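Notes to accompany the following structure.
The values are calculated or read from the model by the stated rules, or taken from the named source; none is laboratory data. All of these numbers come straight from a predicted model, not from anything done at the bench. Every residue, glycine as well, gets a Cβ built from its backbone with ideal geometry; the counts of neighbours run over all protein chains shown. Calculation scope for accessible area: heavy atoms of the full protein, side chains included, ligands and nucleic acids excluded. Shrake-Rupley method; radii C 1.70, N 1.55, O 1.52, S 1.80 Å.
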Amino acid sequence: FQDATVISHLMALLSRSRYTQEYICQIFSHCCKGPDHQTILFNHGAVQNIAHLLVSTSYKVRMQALKCFSVLAFENPQVSMTLVNVSVDGELLPQIFVKMLQRDKPIEMQLTSAKCLTSMCRAGAIRTDDSCIVLKTLPCLVRMCSKERLLEERVEGAETLAYLIETDVELQRIASITDHLIVMLADYFKYPSSVSAITDIKRLDHDLKHAHELRQAAFKLYASLGANDEDIRKKIIETENMMDRIVNGLSESSIKVRLAAVRCLHSLSRSVQQLRTSFQDHAVWKPLMKVLQNAPNEILVVASSTLCNLLLEFSPSKEPILESGAIELLCSLTQSENLALRVNGIWALMNMAFQAEQKIKSDILRGLSTEQLFQLLSDSDVNVLMKTLGLLRNLLSTRPHIDHIMSTHGKQIMQAVTLILEGEHNIEVKEQTLCILANIADGTTAKELIMTNDDILQKIKYYMSHSNAKLQLAAMFCISNLIWNEEEGSQERQDKLRDMGIVDILHKLSQSSDPNLCDKAKTALQQYLA
């Protein structure tokens, strides 16, 4: 790839003999590493020059050409989209690949053509409900996972299948009920087996070498299978010793196995039911917290996503996680250069603060520091901003907490709110910010921070007449909380807001065609009449 003439020279040599065909395809597939190389080969006409070799009389040539396509198409939409429309002797490539999948073909041919069709499917070149995927590719890959196959084939079969079904619920469901796949995968954890240890040193060596690859492949496939469907997750968790296997996987020496185990755990942690039961019984949070201590980013991202789920309010793991120093850990994630880690750090804190007791909320604010909070609120990524606002909203809930936090951090929080309402932000961000103001307006002493801030009051007034109904509603919540009758000082607040022209806007809104706005305005006006 250093010298462009090499590739055109090799392409020209392709037609010399079946040996040049076989070896040049082999050279291409061995040297092609990553998208840049794929593009160079593609631009040199690799697809057109190699396609006709798929129908060569020589098995070796057919096989090497097929391997070349599987390498060219891997995670490459451009190549995959082209392959769909290429035909050889009047037959389209997908049809040729399907023929190569048949059971009477050698295993390596079946596996490699399944990889080609998988890449084309993931690139959107073939639909996920196409019969060549549902009836041919998927069952072929499940067959590759069976005990009859060599360990290498089982690894490749499971990894390819995990990739094929990763984002499609229907394929996940079909795979989960094909040939008892979920139970079949449990066997991947049984190497090296005790029998092989006694009988055959060479076999033991082979098993040992593949044992971690097998575990990694099984974890990956379980993660894909359980990505969306509650029943499938339940089946996976009920497979023999599954939770123990995952917990062991989290502390394996091989980083690839650790990553796959965390992915599997993350997939299963999307289930409310499992968070309350299996995750609790196996104290999964302990090894997870350990993984988070000094892992590479790749693992950190998935592990922190899993932690987000374990910190949801209905998860019994929430308490022990807090006691094990999670706040500090998550606050440090929010300072990461890596965007996904910043999002997960703040997201987990947001989940942690939901319906939490005051001490936890204070610890979070102390751990984050005001500077870091402002840093996050001015983050260029809207996801970070939304989660930070979500955290603030959760911190500022229930009256005593609102008053307490506003008495210590009121000035900074009001500054932050002003900053965002003045900035160029989307509707969702502004809505979240107005909801935070509505929460502050619900405090007993915190209200005053809004009432004495004319700038903020003018902004609330502005959003009451905004063109977007969501923002109007959020602004009305602020007003309602400020004028509520039963509370001390409501009369003065009502008068001040009337002088600002708020009542006139409420009258206008009570005629609104939007039923929500209309109701809310009428309710607010009643406070003035009471």
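Being part of a helix (DSSP H, G or I) and under 27 Å from ARG173 (Cα atoms) holds for only one residue in ARG245, ARG270, and it is ARG245.
Does region 51-70 contain any residue that is under 23 Å from ASP168 (Cβ atoms), hydrophobic (A, V, I, L, M, F, W, C), at pLDDT 95 or above and in the same structural domain as ASP36 (by the TED database)?
Yes, there is a match, as at least one residue in region 51-70 is under 23 Å from ASP168 (Cβ atoms), hydrophobic (A, V, I, L, M, F, W, C), at pLDDT 95 or above and in the same structural domain as ASP36 (by the TED database).
Taken together, the residues in region 10-52 that are without any contact (Cβ under 8 Å) to a residue 12 or more places away in the chain, more than 34 Å from the chain's Cα centre (by Cα) and either more than 18 Å from GLN64 (Cβ to Cβ) or open to solvent by less than 90 Å² (accessible area, probe 1.4 Å) (or both) amount to 4.
Return yes when LEU482 is over 20 Å from ARG399 (Cβ atoms) and not hydroxyl-bearing (Ser, Thr, Tyr) and no when it is not. Here the answer is no, as LEU482 does not meet what is asked. Restricting LYS430, LYS411, LYS470 to residues that are among the charged types (D, E, K, R) and closer than 16 Å to GLY390 by Cα narrows the list to LYS430. Take the conditions (1) in contact (Cβ under 8 Å) with a residue 40 or more places away in the chain; (2) open to solvent by less than 20 Å² (accessible area, probe 1.4 Å); (3) within 27 Å of LEU373 (Cβ to Cβ); (4) over 17 Å from the mean Cα position of the chain (by Cα); LEU311 misses just one of them, which is (4).
Touching a Lys or Arg at 6+ places or on another chain (Cβ under 9 Å), at pLDDT below 90 and either under 17 Å from MET406 (Cβ atoms) or not in a helix (DSSP H, G or I) (or both): is that true of GLU487 in this structure?
yes
Quickly run through region 314-339 and pick out the residues that are within 18 Å of the chain's Cα centre (by Cα) and in contact (Cβ under 8 Å) with a residue 40 or more places away in the chain. Result: THR334, ASN338, LEU339.
Listed here are the residues, each with its yes/no results for (1) closer than 24 Å to ASN85 by Cα; (2) without any contact (Cβ under 8 Å) to a residue 24 or more places away in the chain; (3) under 26 Å from the mean Cα position of the chain (by Cα).
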{"site": "LEU111", "(1), (2), (3)": "yes, no, no"}
{"site": "CYS116", "(1), (2), (3)": "yes, no, yes"}
{"site": "SER131", "(1), (2), (3)": "yes, yes, no"}
{"site": "ALA158", "(1), (2), (3)": "no, no, yes"}
{"site": "ALA162", "(1), (2), (3)": "no, no, yes"}
{"site": "ARG173", "(1), (2), (3)": "no, no, yes"}
{"site": "LEU181", "(1), (2), (3)": "no, no, yes"}
{"site": "MET184", "(1), (2), (3)": "no, no, no"}
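On the given criteria, is GLU448 farther than 27 Å from VAL384 by Cα and within 43 Å of the chain's Cα centre (by Cα)? Yes, satisfied.
Rundown of residues vs (1) in contact with a helix residue (DSSP H, G or I) (Cβ under 8 Å, 6 or more places away or on another chain); (2) buried (at least 19 other Cβ atoms within 10 Å of the Cβ), yes/no style:
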residue: GLU424; (1), (2): no, no
residue: THR445; (1), (2): yes, no
residue: LYS459; (1), (2): yes, yes
residue: SER465; (1), (2): yes, no
residue: ASN468; (1), (2): yes, no
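For region 114-145, how many residues meet the condition of being hydrophobic (A, V, I, L, M, F, W, C) and open to solvent by 30 Å² or more (accessible area, probe 1.4 Å)? Please lay out each step first, then the result.
Quick first cut of region 114-145, residues hydrophobic (A, V, I, L, M, F, W, C) only: 114, 116-117, 120-121, 123, 125-126, 132-135, 138, 140-142, 144-145.
From the residues that got through so far, the ones that are open to solvent by 30 Å² or more (accessible area, probe 1.4 Å) too are 134-135.
Summing the residues that are hydrophobic (A, V, I, L, M, F, W, C) and open to solvent by 30 Å² or more (accessible area, probe 1.4 Å) in region 114-145 gives 2.
Report yes if some residue within region 492-505 is under 22 Å from ASN439 (Cβ atoms) and either open to solvent by 100 Å² or more (accessible area, probe 1.4 Å) or not in a helix (DSSP H, G or I) (or both); otherwise report no.
Yes.
Taking the listed residues GLU156, GLU152, GLU166, GLU148, the one that is modelled with pLDDT of 95 or more, open to solvent by 30 Å² or more (accessible area, probe 1.4 Å) and more than 20 Å from LEU268 (Cβ to Cβ) is GLU156, with no other qualifying. With respect to (1) assigned to a helix (DSSP H, G or I); (2) open to solvent by 10 Å² or more (accessible area, probe 1.4 Å), the lone exception for LEU72 is condition (2). May I ask you to list the residues in region 314-339 that are more than 23 Å from HIS282 (Cβ to Cβ) and open to solvent by less than 40 Å² (accessible area, probe 1.4 Å)? Those that are more than 23 Å from HIS282 (Cβ to Cβ) and open to solvent by less than 40 Å² (accessible area, probe 1.4 Å): ILE327, CYS331, LEU333, THR334, SER336. Among the candidates GLU230, GLU240, the residue that is open to solvent by 70 Å² or more (accessible area, probe 1.4 Å), of a type in the set (Asp, Glu), in contact (Cβ under 8 Å) with a residue 40 or more places away in the chain and over 27 Å from SER131 (Cα atoms) is uniquely GLU240.
Within region 56-67, not a single residue is open to solvent by 60 Å² or more (accessible area, probe 1.4 Å), in contact with a strand residue (DSSP E or B) (Cβ under 7 Å, 6 or more places away or on another chain) and among the β-branched types (Val, Ile, Thr). Among LEU482, LEU517, which is the only one that is surrounded by 13 or more Cβ atoms within 10 Å (Cβ to Cβ), at pLDDT 90 or above and in the same structural domain as ASP442 (by the TED database)? Criteria check complete, one pass: LEU482. Filtered by the rule that a residue be in a helix (DSSP H, G or I), of a type in the set (Ser, Thr, Tyr) and open to solvent by 50 Å² or more (accessible area, probe 1.4 Å), region 378-418 gives SER407, THR408.
Here the condition is being of a type in the set (S, T, N, Q), under 17 Å from ILE505 (Cβ atoms) and outside any helix (DSSP H, G or I); of SER480, SER467, it holds for SER467 alone.
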